[in-house]
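Each reported figure results from applying straightforward, stated rules to the coordinates on display, with no laboratory input. Keep in mind that what you see is a predicted model, and the values were worked out from it rather than measured. Quick reminder, even Gly has a Cβ in these numbers, built from the backbone with ideal geometry, and neighbours come from all protein chains shown.
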Amino acid sequence: MSSINNKVIHELESIVGKSRCMSMREDLFCYEYDGSIDKSLPLAVVLPKNKEEVANILKCLYKFNIKVVGRGSGTGLSGGAIAPENSVQIVFSLMDKIIDIDSVNRIAEVEPGVINSNLNIEAQKFGLRYAPDPSSQQACSIGGNIAENAGGPHCLLYGVTSNHVLGIEVVLEQGQTVLLGGKLKESLGYDLRGVFIGSEGTFGLVTKVFLQLIEYPESTHTLLGSFPSIESAGNAVSAIIGKGIVPAALEMIDSLTIKSVEKVLKVGLPKNAGAVLLVEVEGLQEDTQILRKEIEQLLWESGSTEVLSAKDEKERIKLWSGRKKAIGSLGTIAPNYFIVDGVVPRTKIAFLVQEVEKISKLFNLPIANILHAGDGNIHPCILFDEKTPGILEKVLQAGSEILKICVNAGGSLSGEHGIGLEKKEQMPLLFSEKDLNAMKNLRDVFSPSNLFNPDKIFPNSVKGTPFLQNNAVKNAGKDSYI
Amino acid sequence: MINLNKNTTINKIIAELETHLPYNQIVNNHEKEQITIDGIVPSIVIYPTNHSQIKLIFTIAKKNNLGIIPFGGQTKINLGNIPKKFDIALSTKNLNSIINHQQFDLTTTVEAGITLLKLQKFLAKFGQYLPINSPNPEKATIGGILSTYPLGLNTSNIGLPRDWLLGIKVALTSGEIIKGGGQVVKNVTGYDMPKLFSGALGTLGIILEATFKLTPIKTNPEYLLYSYDSIEKTLEIIEQFKNLDFAPDTVSVFNSCLLNSSTKNSSTEKSNYSIFCKIAGLKNTNKRKIEQLQNILNQHGNLINLENTELSFIEQNLINYTWNTKQELIILKINFPITNLKKLINYSLIFEKNNINNQMILDPLSGIMYLSLEFKQNKTNKNLLYQLLNEFRKGILNIGGFSVIQSCDIAIKRKFDVWERSQNNSFLMEAIKRKFDPNGILNKGRFIDKL
């Protein structure tokens, strides 16, 4: 370790104490990866307990020009929390207080390390909830949700994280604390809050958040339709949206996923179905009853072979369990998976899945499809065994081909996971150099030294420059976990 | 403004523009006086029809150190502080087409100059609408609304225009045309650039195109109008709205005198305050909603019986009133935490106590109040008004709110910053302005912190 690095660690230890500053290799292994395929060991990991410590850490790192990567729970799927060598990772798991729940104004004031579902448990005591519900909500943090502008099944009706964040207290690279937005729905001036959300930790670090809570619906109805093919399930999606119905959630899984779910969970999904579609409506009783009937009719008309309707909360949870645990169940098919997060106009879901099938055959890789069908956000999961020589290049190439199809279909590279390391080289598919430069100009306002989360989002300026993803390929030996 | 040998410079610029733009897109006669802002008449008004013309205008503006103010339907053109540079008024009204409508995907892409009414009429054919309201929708353009109208009256259920914005195309002062966001309803690819330009008062670039997500039209709108004789009783009623099983689509509280003569009847003439509610949805649900509302509204009030069509106009008329541009009126928009409503009402009574005529429109669910104050030009009245306005605005800050003077005489703008807030992020705002408009071409001096 260089003498400068020693100085940095010594100074960090003086800010947070030795127990909350880790630099031993064996201590760092837990922080070298997130939910993506990349990994890298940082120089050190620091766990602050309050904003003053965060500010002092940043002042120190700014002085030594050491890059900084923020980390919530490390559940991100695009490599957003991967810290390159010689950078310092700031982990927010100890800043996890729910400071206040103002039930009259329906505002939660929380620290960034609060786990999404923990907030809901607390808010529920006041008859309130926080709407964004990423699948990892039992583990992911609010700070991470803000960095990635996280979504979830119910964002179809309620919107993504950005729609529910009123204000954010952030610390910038030289340790200045600023409030972006506030406690009101609107704030004057440029929407600094809005541009910060989804900036993937490249603008600054969040130390406090004001979140808008919503009330629980009076009534919820959940339906599960089985279809002979993904095309007919896709037609049902178009039929429901085209009829002017916007459900709270509209989720789909394909036959390969159904089989793996049934193998593990035995929730009663029809094993021979080509796809199942989960539809949930929320609202006043009178509304949901009528909507349930209309949707059921549309499911039958679109070719559904079976329609199940949850009679109570227990049955609802059972119907949802197949969807919620779908990704985990894929472990029965292959030891590793790579999740693609493309988006297409929702009318093109069936087309996209057909194309994914072609790619699956072309690359000889099984692909299971899990879709937030209501908003066109698809998650083809490319299944593989990391021990197969050369497999990772093939997986990444297949993922890249799927994203190209999404973009060509009028869609986008990421619906909710972010660009991070994983998709940054594909950014030129969607944005010109001018578009990207405008984004960089915005980043430079918040972080003129580009101190935060280096090498994320933007493609490498020098073509062919290897970075972590390439390194991951290189390093993928029999001892590697990917 | 152009000072140096003004006519020669202007003539040169016009000559240069005319080589690229048809003559009917450049106005250099008395018609330009219709675009006066705070008493300043621009040297030229330009109506470009394509993006390359806008690029050219920026190049010329940069070369000659000119200031440009973009505008759409002129409905909110006076919003902002007094301009520091205003040479060219640039209208987007010729860029007004619907580029794309994906009926079954509930999205649309439009040019910025299309009016809200034209777009809504088009979408209505498909049973869809864009959940944005605006004063004077027949004139107000999408670009103008996005730039100037973040949160308005009756938006508690629909949110801000930016919440419906998926993608954007913008002309920067560098002449570059950039895009941000996308055309799909869920997207986190790159930074959320649409948010940067929405509500930026055209100070960072000119919005050329916008993509929105849409929603099905809410069916069966129904309205209730009640009158009350005191503000205390009105607030008691509002307090009970939290017990409703649902959030009404619209709740407006206002001085009854704002109802125009056609909707006035004997009940409203005697009353001081009115509550207007709108609900929509399936008929069965509406029945319950109406019953619940009536149970609350009946307690101290009188139902004003009007036809549904007549009631439907009240909603738009109130929204229009919030942007009244009469010089003798000051229209103040106040955002406040809803728990501080009573404090805000108490503060606002200082005007009445000092015999300054005022009217209020309140959206208690969104935490927004519009207050119009009568502005008399004599010196004693003026000084008193300045003093009270100052006190009132400080009071708003104290309760965690902020205020904008949306419309007023230039004398007020000379005395007050129209935007008043208490936040410590001005250095970020300034840095953004410097990055995106380094030469101060767009709307200079008019936004927060006189950016």
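Could you calculate the FRET efficiency of A:E215 with A:K7 from 1/(1 + (r/R0)^6), where r is the beta carbon distance between them and R0 is 60 Å, rounded to 0.05?
On the way: r = 53 Å, r/R0 = 0.88.
My answer for the efficiency is 0.70.
Please report, in debye to the nearest 20, how large the charge dipole of the range B:128-285 is about its Cα centre when each Lys and Arg carries +1 at its beta carbon and each Asp and Glu carries -1 there.
Value, rounded to 20: 400 debye.
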Which residue, B:P70, B:F402, B:V253, has the largest displacement toward the positive end of the dipole of chain B when charges sit on each Cβ (Lys, Arg +1; Asp, Glu -1)?
B:P70
Exposure proxy check on B:F427, B:F351, B:F126: fewest-to-most Cβ neighbours within 10 Å is B:F427, B:F126, B:F351
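To the nearest 0.05, what FRET efficiency results for B:K379 and A:S449 with a Förster distance of 60 Å applied to their C-beta separation?
FRET efficiency, B:K379 to A:S449: 0.65.
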Rounding to the nearest 10 and keeping the result within 0 to 90°, find how far the Cα-based axis of helix A:313-324 lies from the longest principal axis of chain A.
60
Mean-position separation - Cα centroids, the range B:15-30 and the range A:102-161, in angstrom
54
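On a full-extension model of 0.36 nm per residue, what is the gain between B:Y386 and B:K353, subtracting their alpha-carbon distance, rounded to one decimal in nm?
Residue separation times 0.36 nm, minus the Cα-Cα distance, leaves 10.4 nm.
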Given labels modelled 7 Å from the Cα in the Cβ direction, how far is it in nm from A:K440 to B:S97?
3.3
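Between B:Q240 and B:Q34, what is 0.36 nm times their sequence separation minus the Cα-Cα distance? Round to one decimal in nm.
Working: separation 206, 0.36 × 206 = 74.16 nm, distance 4.69 nm.
Residue separation times 0.36 nm, minus the Cα-Cα distance, leaves 69.5 nm.
In whole percent, what relative contact order does chain B give with Cα contacts below 8 Å and a gap of six or more residues? Write down the numbers at each step before the final one.
Numbers: 873 pairs, mean separation 75.0, N = 451.
After rounding, I find 17 percent.
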Top positive-direction residue, dipole computed over the protein assembly as shown with Cβ charges, set A:G76, A:N86, A:A131:
A:N86
What is the distance in Å between the Cα centroid of the range A:184-215 and that of the range B:167-212?
18
Considering only B:L282, B:Q294, B:T309, whose Cα is most displaced toward the positive end of the charge dipole of the range B:272-311, charges sitting on Cβ of Lys, Arg (+1) and Asp, Glu (-1)?
B:L282
Entries of A:K314/B:K242; A:K259/A:K361; A:K18/A:K59; A:K183/A:K424 with Cα pairs more than 22 Å apart:
A:K314/B:K242; A:K183/A:K424
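Too long at a 29 Å Cα-Cα cut-off: which of B:K76/B:K118; B:K93/B:K382; B:K84/B:K353; B:K333/B:K444; A:K185/B:K289?
On the way: B:K76/B:K118 18 Å; B:K93/B:K382 38 Å; B:K84/B:K353 37 Å; B:K333/B:K444 22 Å; A:K185/B:K289 25 Å.
Violating the 29 Å Cα-Cα cut-off are B:K93/B:K382; B:K84/B:K353.
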Quick one: helix A:51-63 against the long Cα principal axis of chain A, what's the angle to the nearest 10°, folded into 0 to 90?
60
Label point at A:K125 placed 7 Å out along Cα→Cβ; residues across the range A:82-109 whose backbone nitrogen lies under 18 Å:
A:96-109
Neighbour net charge for B:F126 - beta-carbon separation under 13 angstrom, K R +1, D E -1
+2
Would you kindly state how much longer the chain becomes between A:V307 and A:I290 on full extension, computed as 0.36 nm times their sequence separation minus their alpha carbon distance, in nm to one decimal?
4.5 nm
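Arrange B:L235, A:L224 by Cβ neighbour counts within 10 Å, fewest through most, would you?
Working: B:L235 17, A:L224 28.
Fewest to most other Cβ atoms nearby, the residues stand as B:L235, A:L224.
Percent relative contact order of the range B:295-401, based on C-alpha pairs within less than 8 angstrom and at least six residues apart?
On the way: 97 pairs, mean separation 32.5, N = 107.
Over the range B:295-401, the number comes to 30 percent.
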16 Å cut-off, amide nitrogen to a point 7 angstrom out along A:K314 Cα→Cβ, residues in the range A:102-144
none
Which of A:Y190, B:Y370, B:Y386, A:Y62 comes first, and how do the rest follow, when ranked by fewest Cβ neighbours within 10 Å?
B:Y386, A:Y62, B:Y370, A:Y190
Taking the Cα centroid of the range A:10-45 and of the range B:380-451, what is the distance between the two, rounded to the nearest whole Å?
46
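Count charges around B:R288 for me, please; just the other residues with Cβ under 11 Å from its Cβ, Lys/Arg as +1, Asp/Glu as -1. If you can, show how the numbers build up before the last one.
On the way: positive: B:K283, B:K287, B:K289; negative: A:E218, A:E286, A:D287, B:D245, B:E291.
Net of charged neighbours comes to -2.
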Compute the angle between helix A:255-264 and the longest alpha-carbon principal axis of chain A, please, reported from 0 to 90 degrees and rounded to the nearest 10.
80
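Quick check for me: using +1 on Lys/Arg Cβ and -1 on Asp/Glu Cβ, what's the dipole size of the range B:369-445 about its Cα centre, in debye to the nearest 20? All intermediate terms of the calculation are to be shown ahead of the outcome.
Numbers: 13 positive and 7 negative charges, 44 e Å.
Approximately 220 debye in magnitude.
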